[in-house]
């Protein structure tokens, strides 16, 4: 068993693709039309054959909570409580924080020490907070 694809729920696939490629430096791996949405995956330039990040639309009308798409409600609840949707690992969080800030990525604050390393959280502009984590070795 292995992990090949990880989903990040997004409010707009096109906007998300621009952010994750232009701001973070990911590369598009697959872009397959699927009706109104796309099977849109990205890979890290550090792991081009590694796991793919699926930019999954949050508007599936087939699964609802209180009359609204469940994925959108889940995404909003995490964001509103300040919980990152997922985490990306980095080797040097201070350098990546500077590089991404210089590239227009908005962080909620400076990197801070956490058990096991350092962390910083940014807004992906597509409805999510994303954590960067440097693990102390």
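The values are calculated or read from the model by the stated rules, or taken from the named source; none is laboratory data. These numbers come from a predicted model, not from an experiment. Because the Cβ atoms are built from the backbone with ideal geometry, glycine has one as well, and the counts that use them run over all protein chains shown.
Of all the numbered requirements in (1) more than 17 Å from residue 129 (Cα to Cα); (2) buried (at least 16 other Cβ atoms within 10 Å of the Cβ), residue 34 misses one, and that requirement is (2).
Restricting the search to the range 107-131, which residues are in a strand (DSSP E or B) and closer than 20 Å to residue 77 by Cα?
Step one: of the range 107-131, the residues in a strand (DSSP E or B) are 107, 112-114, 117-123, 129-131.
Residues satisfying the conditions are 107, 120, 121, 122, 123, 129, 130, 131.
Every condition in (1) closer than 21 Å to residue 132 by Cβ; (2) out of contact with any helix residue (DSSP H, G or I) (no Cβ under 7 Å at 6 or more places or on another chain) holds for residue 105 except the one numbered (2).
Report yes if some residue within the range 68-79 is buried (at least 19 other Cβ atoms within 10 Å of the Cβ), within 18 Å of the chain's Cα centre (by Cα) and at pLDDT 95 or above; otherwise report no. Yes. Counting only strands (runs of 3 or more DSSP E) wholly contained in the range 1-96, the ones carrying 3 or more residues that are under 21 Å from residue 125 (Cα atoms), touching a helix residue (DSSP H, G or I) at 6+ places or on another chain (Cβ under 9 Å) and touching a residue at least 40 places away in the same chain (Cβ under 8 Å) occupy 5-10, 52-57.
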